[in-house]
Amino acid sequence: MKSFLIKGGIVYDPLNGVEGEVIDIGLRNGVIVDPSSLDPRETIVVDARGMMVVPGGIDVHSHIAGPKVNTGRVMMVEDHYLTNIPGKMGLRSQTGRTVPNVYKIGYGYARLGYTTVVEAASPPLKTRHTHEELDSIPIIDKMTLILMDSNWIALDYISEGDLKGLAGYIAWLLHATKGYGVKIVDPGADLAWLYGKGYGIDLDTQLPEYNLTPREIILMLGEASTLLNLPHPIHVHCNRLGYPGNYSTTTRTLELSSKYSTGNKISMHITHVQFTGYKGSTWATLGSGGEEIARILRRQRNASVDLGQIIFGSVTTMTADAPFEHVLFHISRWKWAFADVEAETASGIVPYRYRRRNYVNTVQWTIGLEVALLTKDPWRTFITTDHPNAGPFTKYPRVIAWLMSRRAREEEMKKVNRRALKKTALPAVDEEFDFNDIIIATRAAPAKLLGLEDFKGHLGIGAQADIAIYNIDPGKVDPSRDWKIVEKALSRAEYVFKDGRIVVRGGRVVEETYGSTLYVKPEIPEDLSKTIVDKVREMFPYYYSIQYSNFIVDLSEIRKPREIPVKTLL
Ligand SMILES: [Zn+2]
């Protein structure tokens, strides 16, 4: 493999304390090496003078693969028919606007300078499908979180108070599905949904059948993940998502993060906080809870959030929060799809449009920005749009412009619903992120949150050679004033290296490679492992329509698996 020398670039590498220094970066055999060790005869020099050089971006929460993503494509067929970009120059055809096809996802992330993406919710039984789609997404590394909060076998362990058993089962399930971490979606709601309930349940609502509350489910899944020493903490979509007044559910959930944490480690990640950040008691009195969430988040050092920032325009929403999608369908009154996944989870899909003049949509737009700007901690507030729910991931540069520039926000505020703005803190917020903050929030911090900072999210020697180079000189551009220049430069990377190969040049994808699928293998004591397998085998005929052996995803089914070993505390 060729080696490269990236010469003269302005480097931002927060994990190594580098903030805007001119440093040369050497790459060989897919990793970063000391530039002085490169053989000049075999090295291609990339002139990066006047450009910003950063690690490849990492998205901690996006919906890019699996049954609900694919159903979203089928539902929005016109979206694909009208947007087809034929394949050429060795690339595949790209279709889809609100739910792009697999190729458009991979190329789109690469063009943005992103090289690692987490699929945020896969039902265990259907994770084989999720992997098949992940395998077809070019360029990026990927991984998937596994839905567990309404899984009957997990709930059996939780209701029995068997923490060790639960930890063992999580280890088994993650390995059986080749998943990466524990996903909790409106905890317990899909269990209740099966019994015709599940609407607006709160942390202490009694769930049917199991005599459990969402609070108990979160605490025990959190404790079990900590016991397993998983690289990524529990990833929580809070209860009462999409209901007025839900911000207090979010702040109370945030407060649970310190109950089972160890040291300074992040023990809970709360996702798309915008959707669970509403004040007020009805849609007519809706207000922003962004300020309150930021206040609690600053105090809860063991928790992080991602924004789920609203981008105005058409979307296709999709979530394992099946009861919420049923509610949204009654608001939007167009299309709705839903599925129940045996004894595990459910999901719903509803197309929707966010409008600037709409009161509710304007309140939603302010919340993500308020949380990020008022928390003032890019290590714990991540930039997402919960793609495709609040907007497409391709709009991240616009979110970045809003975070870096008060003027960019003012421009947008001129176009939105005035009455709604009065119910939010955003017009009075002066805070602006700088380039270093942005690189922390999109590279360094996500790598840490996923437990991958050994080799991802930085540019130190030995790191994976995933690098983005943007045609912008941070020393010469004032993002507060020149936010349009920032947005444009970050929308199309000048160069992207994936595993040491040039995959994007001049904003275009020039080579189609395939990244790895990362999965965890928590090592648990043999006797515990045997007990778990015995119990799962025993329950399988009662809970599932398929056989135990057909459930397990074999490594041979995954294009490029990469195991992340886990030393548990069991
Ligand atoms: Zn999501």
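The values are calculated or read from the model by the stated rules, or taken from the named source; none is laboratory data. Computed from a predicted structure; not experimentally measured. All Cβ positions, glycine included, derive from the backbone under ideal geometry; neighbour counts span all protein chains shown. Areas reflect the complete protein model, heavy atoms only, side chains present, ligands, DNA and RNA absent. Shrake-Rupley method; radii C 1.70, N 1.55, O 1.52, S 1.80 Å.
Of all residues in region 386-398, which are buried (at least 24 other Cβ atoms within 10 Å of the Cβ) and part of a helix (DSSP H, G or I)?
Within region 386-398, Phe393, Tyr396 meet the criteria.
Taking only region 232-260 into account, find how many residues are touching a strand residue (DSSP E or B) at 6+ places or on another chain (Cβ under 9 Å) and of a type in the set (Val, Ile, Thr).
4
Filter region 474-501 down to residues that are under 17 Å from Asp24 (Cβ atoms) and open to solvent by 20 Å² or more (accessible area, probe 1.4 Å), then give me how many there are.
Number of matching residues: 2.
Going through Thr282, Thr276 one at a time, which residue ends up being surrounded by fewer than 21 Cβ atoms within 10 Å (Cβ to Cβ), out of contact with any strand residue (DSSP E or B) (no Cβ under 7 Å at 6 or more places or on another chain) and β-branched (Val, Ile, Thr)?
Just a single option satisfies the conditions, and that option is Thr282.
Being more than 29 Å from Asp499 (Cβ to Cβ) and modelled with pLDDT of 95 or more is the requirement here; does Asp454 meet it?
It is false that Asp454 is more than 29 Å from Asp499 (Cβ to Cβ) and modelled with pLDDT of 95 or more.
Being touching a residue at least 60 places away in the same chain (Cβ under 8 Å) and of a type outside the set (Lys, Arg) is the filter here; which residues of region 524-541 pass it?
Correct list: Ile524, Leu528, Ser529, Thr531, Ile532, Val533, Val536, Met539.
Looking at region 276-308 only, could you name the residues that are in contact with a Phe, Trp or Tyr (Cβ under 9 Å, 6 or more places away or on another chain) and either within 16 Å of the ligand (Cβ to nearest atom) or in a strand (DSSP E or B) (or both)?
Thr276, Gly277, Tyr278, Lys279, Gly287, Ser288, Ser304, Val305, Asp306, Leu307, Gly308
Counting only residues that are over 17 Å from Ala420 (Cβ atoms), among the hydroxyl-bearing types (Ser, Thr, Tyr) and away from the ligand (no atom under 13 Å from the Cβ), how many does region 363-385 have?
Residues meeting the conditions: 2.
Mind counting the residues in region 522-553 that are exposed (fewer than 13 other Cβ atoms within 10 Å of the Cβ) and closer than 21 Å to Leu125 by Cβ?
10
Checking the structure you have, find out if any residue of region 248-255 is open to solvent by less than 10 Å² (accessible area, probe 1.4 Å), of a type in the set (A, V, I, L, M) and modelled with pLDDT of 95 or more.
Looking through region 248-255, at least one residue is open to solvent by less than 10 Å² (accessible area, probe 1.4 Å), of a type in the set (A, V, I, L, M) and modelled with pLDDT of 95 or more.
Find the residue count for region 386-413, including only residues that are of a type in the set (Val, Ile, Thr) and within 16 Å of the ligand (Cβ to nearest atom).
Of the residues in region 386-413, 1 are of a type in the set (Val, Ile, Thr) and within 16 Å of the ligand (Cβ to nearest atom).
Name every residue in region 46-85 that is in contact (Cβ under 8 Å) with a residue 40 or more places away in the chain, open to solvent by 10 Å² or more (accessible area, probe 1.4 Å) and among the charged types (D, E, K, R), in order of residue number.
Listed by number, the residues that qualify are Asp47, Arg49, Lys68.
Only one of Ile558, Ile564, Ile524 is among the hydrophobic types (A, V, I, L, M, F, W, C) and out of contact with any helix residue (DSSP H, G or I) (no Cβ under 8 Å at 6 or more places or on another chain); which?
Every option except Ile564 fails the conditions.
Which residue is nearest to Asp186 (Cα to Cα), if the candidates are limited to region 207-252 and must be among the β-branched types (Val, Ile, Thr) and within 16 Å of the ligand (Cβ to nearest atom)?
Val236
Taking the condition more than 16 Å from the ligand (Cβ to nearest atom) and at negative phi, does Pro55 pass?
yes
Out of region 163-199, which residues are out of contact with any helix residue (DSSP H, G or I) (no Cβ under 7 Å at 6 or more places or on another chain), open to solvent by 30 Å² or more (accessible area, probe 1.4 Å) and in a loop (DSSP other than H, G, I, E, B)?
Tyr195, Gly196, Lys197
Which one of the conditions (1) open to solvent by 30 Å² or more (accessible area, probe 1.4 Å); (2) free of Cβ contacts under 8 Å to residues at least 60 places away in the same chain does Asp34 fail to meet, given that it meets all the rest?
(2)
Pick from Thr251, Thr226: which is in a helix (DSSP H, G or I) and under 22 Å from Thr384 (Cβ atoms)?
Unique residue meeting the criteria: Thr251.
Here is a yes/no grid of residues against (1) open to solvent by 30 Å² or more (accessible area, probe 1.4 Å); (2) away from the ligand (no atom under 16 Å from the Cβ); (3) touching a Ser or Thr at 6+ places or on another chain (Cβ under 7 Å); (4) not in a strand (DSSP E or B):
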position	(1), (2), (3), (4)
Ile310	no, no, no, yes
Thr317	no, no, no, no
Phe329	yes, yes, no, yes
Trp334	yes, yes, no, yes
Arg357	yes, yes, no, yes
Asn361	no, yes, no, yes
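Farther than 28 Å from Ile383 by Cβ and either crowded, with 24+ Cβ neighbours inside 10 Å or out of contact with any strand residue (DSSP E or B) (no Cβ under 8 Å at 6 or more places or on another chain) (or both), is that true of Glu160?
For Glu160, the condition - farther than 28 Å from Ile383 by Cβ and either crowded, with 24+ Cβ neighbours inside 10 Å or out of contact with any strand residue (DSSP E or B) (no Cβ under 8 Å at 6 or more places or on another chain) (or both) - is met.
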